[in-house]
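Participant: Take a look at this one; I'll ask things after.
Just so it is clear, none of the values below were taken in a lab; they were calculated from the coordinates. No experiment lies behind these values; they were computed from the predicted model shown. We place every Cβ from the backbone using ideal geometry, glycine too, and count neighbours over all the protein chains shown.
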């Protein structure tokens, strides 16, 4: 094993896949000469040259559409968005073109393409730079949506995404790129759509994904000291969702809290809460709780951010509510 | 109410055939005539069937614009690719897709060219490199450019033809894409099927820059206007553009001036243009023109001309018979062709 940053894990995944398959290439704003706005693609231009590591102008709709068309021809583009907020400009090509191509062409053309970049709030950046897109894209049939929380998962899942024959939305975070974690020396793949139990526990199941997983780990540590044993499920993929893993866990713990960095309405947490009342109703000893961002646009001031984001005390309260210990 | 825009056909003498100096062969004219007649008769029938409510959805006819696809196909290679808008019936017909699978697609049948999942606006035929049929105005512009990107990446000398209406020129996607296509010198040929009306809004009422060939100027893209009622003019312009693209010199923009004899879609009362304007353009019908050239040169006798018409009629009739006798997709077909992954775990509770 070796310790790497999140960005290095992503880079290793891309480097290995580009060495394995000449049809894989990377394009996006600042990915080549600048070595990546967040240094994910550092050194890749040197290794692969300007044919395969391509700087684009600031034209998300245009370069995303070009990548989608290239994927229809059997190439395997990795499209880097500086953040997913900017990818809203490219949503037509992701949702109307890539996600629907296979179906609308009656199975004739498919889009083996990865869309990746920073997602979710990343500090005092204001409302337009701080959105989480898990539920947006999870809503769309034809896409797969990956939300890694560790360098290990990021590398294995990105390799799976690049090899996948369907369009994949891969959600990272500017706040995670410097996170460190252990990964094996050699190549490995993590299958898309399989959740991971990151912490074993017996009293409550906490379901989460992506950057906010850190809050789950921190809360679980504190709760352990109070004698409350939390099981933490990292979904890792939010389309498809590994419902089986969640239901089986709740059958053991009989309680569940969903922790999500984004807004509450039509969210991953509401989907999971529905699923549990439908398929684990008789096992539940308390209503499913959730902790999400406030139902408001993200704001600039630190006090407003503090109020908007899910945090450890709110999660602890929610866990205790399922145990009737508030 | 805004004044009706008046758009004049390109100034040519009516039935100007100038056969003595034609650069094109008998075979080419017969191909143009046959292809265009098939498209015309197919779509006339489609219009009738639509009114009879044989199938639903939107339906955008190409009638009047046939010289563009006819001239493009004779100037291109089978290995080139084509991508267009939702006005997409003519392109696969000109490329040789069997009319039966196109009619079946209109009927929403499983034997359709997109298995009944795409409909009128989303025809595809991978065998002919016909890459759709796209319903969002302008979406095909970056995608088709991506096809050209892939050709260059793979080192072929194939080109991609990207067709669009005059309305699509106003989409941001076009401008973003033109910039990259020129910078990367991609082998792509942009064809504006300029029928002067974006649905009901004339070019005059949608822009300050009414000469659409100038749109390429900001990107230093070679651009020209072409008489779209003339397959000869289209063929020549496309040939020149293909040469440029194949030798690695990048894209061309062709503002091909044409006219749709029918409405934007089947539900268009056409109050934005005069009957006189339509009549004036119909005088320039490219099918009549090709037939005149063929007759003047005595390339076909009356019987042979009748035989072509009979063949076309039979093709169209058989396509209807084929479509009407084809099955609708079974309900479980919904779960096919959404993912390449065969065991994708759909939520099957709904």
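Participant: So what's the angle, to the nearest 10 degrees on a 0 to 90 scale, between helix A:6-20 and the longest Cα principal axis of chain A?
Facilitator: So the helix axis and the longest Cα principal axis differ by about 40 degrees.
Participant: Bin by bin, in steps of 20 Å, what percent of the Cα pairs in the protein assembly as shown do you find, going until the bin that has the longest distance?
Facilitator: With 20 Å bins starting at 0, P(r) equals 18, 44, 28, 10, 1.
Participant: Just for chain A, what percent of DSSP beta bridges are antiparallel, to the closest 5?
Facilitator: 20 percent
Participant: Then there is this: For chain A, what relative contact order do you get, as a whole percent, if you take Cα pairs closer than 8 Å and at least 6 residues apart? List each step's numbers first, then the result.
Facilitator: Details: 707 pairs, mean separation 52.5, N = 326.
Reported as a whole number, the value is 16 percent.
Participant: So what's region A:211-326 giving for Rg/Rh, alpha carbon basis, Kirkwood Rh from the mean inverse pair distance? The partial results should precede the final answer.
Facilitator: Values: Rg = 14.1 Å, Rh = 14.7 Å.
Ratio of gyration radius to Kirkwood radius: 0.96.
Participant: Can you tell me the FRET efficiency between residue A:47 and residue B:154 if r is taken as the Cβ-Cβ distance and R0 is 22 Å, rounded to the nearest 0.05? Please report the intermediate quantities before stating the final value.
Facilitator: On the way: r = 21 Å, r/R0 = 0.94.
After rounding to 0.05, the efficiency reads 0.60.
Participant: For chain B, calculate the relative contact order in percent as a whole number, restricting contacts to Cα pairs under 8 Å that are 6 or more residues apart.
Facilitator: 25 percent
Participant: Evaluate E = 1/(1 + (r/R0)^6) for residue A:244 and residue B:207, where r is the Cβ-Cβ distance and R0 equals 45 Å; express this FRET efficiency to the nearest 0.05. If you can, show how the numbers build up before the last one.
Facilitator: Working: r = 56 Å, r/R0 = 1.24.
Efficiency at R0 = 45 Å is approximately 0.20.
Participant: How far apart, in nanometres, would the label points at residue A:20 and residue A:3 be if each is projected 7 angstrom from Cα along the Cα-to-Cβ direction?
Facilitator: 2.8 nm
Participant: Using only Cα atoms, locate the centre of region B:268-335 and the centre of region A:1-67, then give the distance between them in Å, rounded to an integer.
Facilitator: If you average the Cα positions of each part, the centres end up 49 Å apart.
Participant: Please give the length that would be gained between residue B:278 and residue B:224 if that part of the chain were fully extended, namely 0.36 nm times their separation in residues minus their C-alpha to C-alpha distance (nm, one decimal).
Facilitator: Details: separation 54, 0.36 × 54 = 19.44 nm, distance 2.44 nm.
Fully extending the segment from residue B:278 to residue B:224 adds 17.0 nm.
Participant: Would you mind telling me which residue in B:72, B:303, B:84 has the biggest mean-square fluctuation in a Gaussian network model of chain B, where springs connect alpha carbons within a distance under 10 angstrom?
Facilitator: Checking each option, the largest mean-square fluctuation is seen for B:303.
Participant: Using a Gaussian network model of chain B with C-alpha springs under 10 Å, which one of B:238, B:215, B:73 is most mobile by mean-square fluctuation?
Facilitator: Of B:238, B:215, B:73, the most mobile in the Gaussian network model is B:215.
Participant: Let me have the 222 nm mean residue ellipticity of the protein assembly as shown computed from DSSP H runs of 4+ only, each contributing -39500 (n - 2.57), with the sum over all residues rounded to the nearest 500.
Facilitator: Working: 21 runs with 243 residues, N = 676.
Computed mean residue ellipticity for the protein assembly as shown: -11000 deg cm²/dmol.
Participant: Just to be sure I understand: with springs between alpha-carbon atoms less than 10 Å apart, which residue in B:190, B:107, B:335 has the highest mean-square fluctuation in the Gaussian network model of chain B?
Facilitator: For chain B, modelled as a Gaussian network with Cα springs under 10 Å, the answer is B:335.
Participant: Right, next: Mind jotting down the distance between the C-alpha centroids of region B:130-183 and region A:233-250, whole Å?
Facilitator: 40 Å
Participant: Take the Cα of residue A:39, step 7 Å along the line toward its Cβ, and report every residue of region A:154-178 whose backbone nitrogen sits under 12 Å from that point.
Facilitator: Zone members listed by number: A:177-178.
Participant: While we're here: Quick one: if you stick a label point 7 Å off each Cα along the C-beta vector at residue A:124 and residue B:330, how many nm between them?
Facilitator: 6.2 nm
Participant: Right, here's the next one. Write down the percent of antiparallel bridges among all DSSP beta bridges whose residues are both part of the protein assembly as shown, to the nearest 5. Please list the in-between numbers first.
Facilitator: Details: 12 of 66 bridges.
If I count the DSSP bridges inside the protein assembly as shown, around 20 percent turn out antiparallel.
Participant: So what is the relative contact order of region A:196-322, in percent, for Cα pairs below 8 Å that sit 6 or more residues apart?
Facilitator: Details: 227 pairs, mean separation 36.1, N = 127.
The normalised contact order for region A:196-322 reaches 28 percent.
Participant: Now a separate question. If you stretched the chain out fully between residue B:53 and residue B:346, how much longer would it get, using 0.36 nm times the residue separation minus the C-alpha to C-alpha distance?
Facilitator: Working: separation 293, 0.36 × 293 = 105.48 nm, distance 3.37 nm.
Full extension from residue B:53 to residue B:346 adds 102.1 nm.
Participant: Measure out, as a whole number of angstrom, how far apart the alpha-carbon centroids of region B:191-260 and region A:134-172 sit.
Facilitator: Centre-to-centre (Cα) distance: 40 Å.
Participant: Moving on to the next point. Hey, could you pull the Cα Rg and Dmax for chain B, both in Å?
Facilitator: Spelled out, the Cα radius of gyration and Dmax of chain B are 20.3, 70 Å.
Participant: With both bridge residues required to lie in region B:26-335, what share of the DSSP beta bridges run antiparallel, to the nearest 5%?
Facilitator: Values: 3 of 25 bridges.
So the antiparallel bridges amount to about 10 percent of the total.
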